Amino acid sequence: EQAINDDKKIVIALVAPAVRVSLGEAFDIFGDVSKKIVTALKRLGFDYVFDATLGADLTAVEEAQEILYRKENNISLPMFTSCCPSFVKYIKTYHKDLIKNLSSCKSPIAMHSAILKYYFKNIKDISKDNIVIVSITPCTSKKYEASIYNDTTYSITASELNIWLRERGINLKNIKNSKFDTIIKNDLGNSSILFGSSKGVTASIIRCLWYNLKGENIPKRIINYKPLKSFDKIKEIKITINKITFNMCCCYTISAFNELLKNDYYKKYDFIEVMACVNGCVGGGGTILCNNSKILKVNKTRANLIRKIDKICPIKCAYQNKEIKYLYSNLLEYPNNLKAKEMLHTNHLEKVKSKL
Ligand code: SF4
């Protein structure tokens, strides 16, 4: 609020995918409230409101390129996703020997914050000190993550946003829809909404791998892949693209990940997605609270809603996103390139040495 009241500051909100399917619950709306969130945040005084699914698209493109490189060169497999700061912190604290397996990609929020910092500083000519980026997520761990990467200034949870809106007398039920701000005109939007629930990162990466290796969009039957084998909280996926077979696994909760470590079972995979919360970010610690006995049902409803949004999204692969194309042609050049590495990746080992 201090930043919002300071005329010199440009205050930017960055809204994570899972927030749009849960914040409405606090106002008895059960659906996608993303456009109402934009209006509400502008009423609170934010100058810009961006959709963090652009950051998710960037992550999908960068991580797909990284797994492809590691697979072709047999480097530190399986690669673990690095979107979940709780999981990253767990590996850094308890399994230092596995740090090399973490993807070097920053999380979608951290990538998007780095891009926005660059954009407002260099294109909009705003002094770095006057750019305030606030992530709004279902995740309490994002507060910790914001302390590691300096581009996100503050991180607030969906639950805290709910309190803030109530304090200001803003009811989502009574407000109109508004569109997210974008770096360039982007009517078709972003593709990686699925990041908001478990298995979503893997699905988005498979779509990018297909595009990368075949130069075409993934056929519908592949997009709706079925897990090969289903355990509680763990799913296996095997996909062959241009004669390259990827053995993949998605799991949620740290205890499920620990099951994979037993007898080195995890070594049979090329890629493992891990989310610390039940059902992924839709079950995050900072999401809208509900009665304990209903949590699993509520998480499932939120995850289904995310899948519905994905179904009607006109683009299915991050590579088709106009803003992604713009960012690579004007700034990043190509995935995993030097500039992309500098802005969108990190060195987890160095961070451990500096105690972060
Ligand atoms: Fe945060 Fe939970 Fe999502 Fe991990 S799974 S990023 S801890 S909300």
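The values are calculated or read from the model by the stated rules, or taken from the named source; none is laboratory data. The shown structure was predicted, so the numbers you read here are calculated from the model rather than taken from an experiment. Methodologically, a virtual Cβ is constructed for each residue, glycine included, from the backbone with ideal geometry; neighbour enumeration extends over all protein chains shown. Just the protein is used for accessible areas: all its heavy atoms, side chains included, with ligands, DNA and RNA removed. Shrake-Rupley method; radii C 1.70, N 1.55, O 1.52, S 1.80 Å.
Side notes on the structure shown:
- Apportionment of accessible area to carbon and sulfur, the range 107-181, percent (1.4 Å): 46
- Hydrodynamic radius of the range 268-356 per Kirkwood, over alpha carbon pairs, in Å: 17.0
- Spherically averaged projected area of the range 96-226 from its Cα convex hull (nm²): 12.4
- Protein heavy-atom accessible surface, 1.4 Å probe, per residue over the chain: 45 Å².
- CD proxy at 222 nm, helix term only [per DSSP H run n ≥ 4: -39500 (n - 2.57); per residue of the chain; nearest 500]: -11500 deg cm²/dmol
- Residue with peak Gaussian network fluctuation, the chain [Cα springs, cutoff 10 Å], from Ser198, Ser293, Ser22: Ser293
- With both labels modelled 7 Å from their Cα along Cα-to-Cβ, the Lys35 to Glu259 distance reads 4.1 nm.
- Percent accessible area from carbon and sulfur atoms, the range 239-356, protein chains only, probe 1.4 Å: 55
- With at most 14 neighbouring Cβ atoms within 10 Å, loop trypsin sites (Lys or Arg not before Pro) (DSSP) excluded, longest segment of the chain: 9-123
- Using a simple spin-label model with pseudo-atoms 7 Å out from Cα toward Cβ, Asn291 and Leu98 lie 3.7 nm apart.
- The chain pair-distance distribution - Cα-Cα, 10 Å bins, rounded %: 5, 26, 36, 24, 7, 1
- Cα centroid of the range 83-126 to Cα centroid of the range 11-27, whole Å: 20
- Beta bridges by DSSP in the chain, antiparallel share as percent, to the nearest 5: 35
- Computed on protein heavy atoms with a 1.4 Å probe, the accessible areas place Glu25, Glu259, Glu72 in the order Glu72, Glu259, Glu25, largest first.
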